[in-house]
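Here's the structure we're looking at; comments come further down.
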Amino acid sequence: MLEFDSVTKEFRVGAFGRLTITAVDDVSFRIAPGEIVSLIGESGSGKSTIGRMILRLTPATKGTIRFDGVDVSTLGRKELKEYYRHVQGVFQDPFSSFNPVFKADRVFEMLRSQFYPDRSGSEWEDRVAKAVEDVGLNPVQVLNRYPHQLSGGQLQRMLLARALLLDLRLLVADEVISMLDASTRVGVLNLLAELRERGLSILFITHDLALGYYISDRTIILRRGSIVEMGDTRRVFQDPRHPYTQTLLASVPQMEWRWRDRPVSAAVPVDGDGTGDAEPVTVLEEVEPGHWVAVS
Amino acid sequence: MSLRVEDLRVYYQTLEGEVKALDGVSFAIADGEIMGLAGESGCGKSTLAQSIVRLVPPMKLVGGVVELDGEKLPIDDFEAMNRHRMVGVSIVPQYAMSALNPTRKIGKLIKELLGARGISYRAKLPELENRLQLVGLPREVLDMYPIELSGGMKQRVVMVISTLLDPSLLIADEITSALDVSTQRAVAEMLVDFRDREIVKSMMVVTHDVSILYQIADSILIMYAGQPVESGPAEVITHAPRHPYTQLLVGSLPQVGVRYDEQPLSGIAGNPPGLIDPPSGCRFRPRCPFASERCESRPPLVEIGDGHSVACWKVMEEEDARV
């Protein structure tokens, strides 16, 4: 359904844009209908940039992104609007997605004026109420309220409800639960899994391996803009082949074993990926069916 | 006993009324102990961390005693606390980026800090370099501006500064939350290292992430709506909790190895109560699946096992039935 074909994204930085930073380097993957793919990486790995390129919030420098075989970058105004009927994004901070001056349900009204100007008022209200119920909210409690009167979890669900009002087929969920509390995050996570069961594809962008393992079918591990490992989620987590994946898994705090019993090698840089040189040039090699690992 | 907190009450003064952020909190941290403090946002964990070091308006001390190494801390007297900060008790704040003055090089910043206490920078320099090496930072960071450091480096610089005068108690407030996975482990293990080297005597680690506490803490205190609900050894709290809230909180934690299609987790229904007018009795009562009439009065924190205390009527009854 979605094809990401050798996509590269470069940013020009510095005075007069003299320096280029390669945020995403020759990345290719596909998302099939009804599949949750998690894109896991640390800060600066390019995971959010990939999401933004799919949503056409920023253009790709090289390569093509195709949705149903059509190059997304060629879409004109009208086709783009049609594209957004099927592809939507939800982001990390629900409070910054809402305008605090207006009531939170204004996002539904804006959606209507943009996509469904011919719907009658009462018909639309019923659809909104149904979408709000679908994401596990009580319409009486959340409609007609200001953003500050709702919790982060409620606002995040409102944004999901908004996306569901369209004929949504692919959802780009960028760190949607990082800001939520332990007791509410599972609810939103389960909701995403239920939406998948109804045929929705989700690109689940996160830095939290446990969340990715919990809901995704396939996992892509990203480092400094390149894919280091990709495959069936269970295989990648249970049999990680790339040293970086292994380091990440060794660093996740778990409650089954203690860090002190499994020391990590001193060779591991303690400063993540923000600093240092670019990843050496690698190619992906298929180590078992559907399980790809970067080798140099 | 390093730290003893007795019936601490700290309220926030707001236009709508007093927010009872800490409402009767008692606990103790032994010498050499790392105590973890966990709970959802709004449970008062950060207020607790802040109030021991820097209690400023709109925070207001309403009652209670904080004792450090047998001496009462004047926590509501900002000036008098100066004598204890850095030496007695020190805090590593959540956002290291905003803790460092961006216009000063790290070395100059430390020099000024020490100067304010009448301590010679030059005399402390060898020890400072020693400490930087301990956390894996080059000596050169002293000649750098904060903006030149990455998030993990800044966090470690702040850790070194906070502990430079060997405080008895170090409070770490969500210091790993903003870090990447691999950096998170490194910084968390440094905390343990600081304790093992007796640079600090004891530690209070505040976080929302119970699994980090399982990794580094000796004991864990779980707070809910401004009150402690359960405390005990880290192993017990994470693997055999008794309070319904702790059980639900630990059970709602996604772990590597748990999948939706194999073992779906469930969250905790409802939201934490507002603290201007919190529910009477047990504050978890409105969300608790086991709530009954007796929960209308506040359950005391009762020790039911070796260092394991729970504030829940149901657990107390079960314990009574067992004896």
Taking the stated definitions as given, is B:V229 in the same structural domain as B:E16 (by TED's automatic domain parsing), over 24 Å from A:Y213 (Cα atoms) and surrounded by 24 or more Cβ atoms within 10 Å (Cβ to Cβ)? yes
Given the condition among the hydrophobic types (A, V, I, L, M, F, W, C), assigned by TED's automatic domain parsing to the domain that holds B:S41, farther than 30 Å from B:M1 by Cα and surrounded by fewer than 23 Cβ atoms within 10 Å (Cβ to Cβ), answer yes or no: does some residue in the stretch B:191-204 qualify? no
Has the stretch A:248-263 got any residue that is within 11 Å of chain B (Cβ to nearest Cβ), crowded, with 18+ Cβ neighbours inside 10 Å, under 24 Å from A:G290 (Cβ atoms) and in contact with an Asp or Glu (Cβ under 9 Å, 6 or more places away or on another chain)? yes
Among the listed residues B:G32, B:G36, which satisfies the condition of being of a type outside the set (K, R), assigned by TED's automatic domain parsing to the domain that holds B:I175, within 20 Å of B:I216 (Cα to Cα) and over 13 Å from the mean Cα position of the chain (by Cα)? B:G32
Condition check for B:V229: in contact with a Ser or Thr (Cβ under 7 Å, 6 or more places away or on another chain) and within 12 Å of another protein chain (Cβ to nearest Cβ): no
Could you grab me the full set of residues in the stretch A:105-138 that are touching a residue at least 12 places away in the same chain (Cβ under 8 Å) and in contact with a Lys or Arg (Cβ under 7 Å, 6 or more places away or on another chain)? A:V107, A:F108, A:L111, A:R112, A:F115, A:W124, A:V135, A:G136, A:L137
Count - residues of the stretch B:7-45 that are among the β-branched types (V, I, T) and modelled with pLDDT under 90: 1
Which ranges mark the strands (runs of 3 or more DSSP E) fully within the stretch B:167-283 that have 1 or more residues being in contact with a Pro (Cβ under 7 Å, 6 or more places away or on another chain)? B:169-173, B:219-224, B:227-233
Across the stretch B:259-274, what is the number of residues that are surrounded by fewer than 18 Cβ atoms within 10 Å (Cβ to Cβ) and at the interface with another protein chain (Cβ under 8 Å from one of its Cβ atoms)? 4
Residues located in the stretch A:71-92, provided they are more than 13 Å from A:L160 (Cα to Cα) and either among the hydrophobic types (A, V, I, L, M, F, W, C) or part of a loop (DSSP other than H, G, I, E, B) (or both): A:V72, A:L75, A:G76, A:L80
Residue check, B:G281 under 15 Å from B:H243 (Cβ atoms), in contact with a Lys or Arg (Cβ under 6 Å, 6 or more places away or on another chain) and not charged (D, E, K, R): yes
Scan (1) modelled with pLDDT of 90 or more; (2) within 25 Å of B:E235 (Cα to Cα) for the single condition B:L73 breaks and write down its number. (2)
I'm trying to understand the selection: among the residues of the stretch A:175-189, which are in contact (Cβ under 8 Å) with a residue 40 or more places away in the chain and either in a strand (DSSP E or B) or within 9 Å of chain B (Cβ to nearest Cβ) (or both)? A:G187
Quick check on my filter: what residues within the stretch A:190-215 are more than 7 Å from every other protein chain (Cβ to nearest Cβ), assigned to a helix (DSSP H, G or I) and more than 11 Å from the chain's Cα centre (by Cα)? A:L191, A:L192, A:E194, A:L195, A:R196, A:E197
Give the residues of the stretch A:49-79 that are out of contact with any Lys or Arg (no Cβ under 7 Å at 6 or more places or on another chain) and either within 14 Å of chain B (Cβ to nearest Cβ) or of a type in the set (A, V, I, L, M) (or both), sorted by residue number. A:I50, A:I54, A:L55, A:L57, A:I65, A:V70, A:L75
Could you run through the stretch A:2-22 and say how many residues are surrounded by 14 or more Cβ atoms within 10 Å (Cβ to Cβ), among the hydrophobic types (A, V, I, L, M, F, W, C) and modelled with pLDDT under 90? 2
Can you run down the residue pairs with Cβ atoms below 7 Å, 6 or more apart or on separate chains, where the first is in the stretch B:63-85 and basic (K, R) and the partner is buried (at least 16 other Cβ atoms within 10 Å of the Cβ)? B:R85/B:V53
It is to be established whether one or more residues within the stretch B:189-209 are within 22 Å of B:R9 (Cα to Cα), more than 10 Å from every other protein chain (Cβ to nearest Cβ), at pLDDT below 95 and out of contact with any helix residue (DSSP H, G or I) (no Cβ under 9 Å at 6 or more places or on another chain). no
Taking the stated definitions as given, is B:S252 under 28 Å from B:P278 (Cβ atoms), surrounded by fewer than 24 Cβ atoms within 10 Å (Cβ to Cβ), at pLDDT below 95 and hydroxyl-bearing (S, T, Y)? yes
Is it true that B:C288 is over 27 Å from B:Q13 (Cβ atoms), more than 13 Å from chain A (Cβ to nearest Cβ) and surrounded by 15 or more Cβ atoms within 10 Å (Cβ to Cβ)? no
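The values are calculated or read from the model by the stated rules, or taken from the named source; none is laboratory data. In this text the structure is predicted, and so the values were computed from the model without any measurement. Because the Cβ atoms are built from the backbone with ideal geometry, glycine has one as well, and the counts that use them run over all protein chains shown.
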